[in-house]
Amino acid sequence: MKYIVEKLTKSEELESKIKVLCSFKSIKFNIKQGRIISIENTNISFIVPHKIILDINKYKFYFV
């Protein structure tokens, strides 16, 4: 079995909006790229969505 991994495209507009909001409130953030994992010669695929991680004080919030 061979796996094919492709990257999902990020919206630059959404990323810039998050960057502006986080800089206004001095919040650290991280955006992890999503992926599409598919098995070759089948119609089976798995989509891993983008993840947005916000570091507010000592707490971490994950948004999928």
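Listed here are the residues, each with its yes/no results for (1) surrounded by fewer than 13 Cβ atoms within 10 Å (Cβ to Cβ); (2) at pLDDT 90 or above.
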{"position": "Lys7", "(1), (2)": "yes, yes"}
{"position": "Phe24", "(1), (2)": "yes, no"}
{"position": "Glu40", "(1), (2)": "yes, yes"}
{"position": "Phe46", "(1), (2)": "yes, yes"}
{"position": "Asp55", "(1), (2)": "no, no"}
{"position": "Lys58", "(1), (2)": "yes, no"}
> So, of the residues in region 23-37 that are touching a residue at least 24 places away in the same chain (Cβ under 8 Å) and of a type in the set (Val, Ile, Thr), which turns out to be farthest from Met1 (Cα to Cα)?
Replying inline: Ile27
> Is there any pair with a first residue in region 4-17 that is in contact (Cβ under 8 Å) with a residue 24 or more places away in the chain and in a loop (DSSP other than H, G, I, E, B) and a second that is surrounded by 10 or more Cβ atoms within 10 Å (Cβ to Cβ) and not hydroxyl-bearing (Ser, Thr, Tyr) whose Cβ atoms are under 6 Å apart and which are 6 or more apart or on different chains, and what are they?
Replying inline: Leu8/Gly34
> Leu54 passes all but one of (1) part of a strand (DSSP E or B); (2) on the phi > 0 side of the Ramachandran plot; which number fails?
Replying inline: (2)
>> I'd like the full set of residues that are within 13 Å of the chain's Cα centre (by Cα) and not β-branched (Val, Ile, Thr), limited to region 44-60.
In response: Pro49, His50, Lys51, Leu54
> Do any residues in region 38-63 that are more than 17 Å from Lys25 (Cα to Cα) have Cβ atoms under 6 Å from those of residues that are in a loop (DSSP other than H, G, I, E, B) and of a type in the set (Val, Ile, Thr), where the two are at least six apart or on different chains, and which pairs are they?
Replying inline: Pro49/Val64; Lys51/Val64
> So, in region 26-44, of the ones that are in a strand (DSSP E or B) and touching a Leu at 6+ places or on another chain (Cβ under 7 Å), which residue ends up nearest to Asn57 (Cα to Cα)?
Replying inline: Phe29
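The values are calculated or read from the model by the stated rules, or taken from the named source; none is laboratory data. Keep in mind the model is a prediction, meaning the values are calculated, not measured. For neighbour counting, all protein chains shown are included, and Cβ atoms are generated from backbone atoms with ideal geometry for every residue, glycine included.
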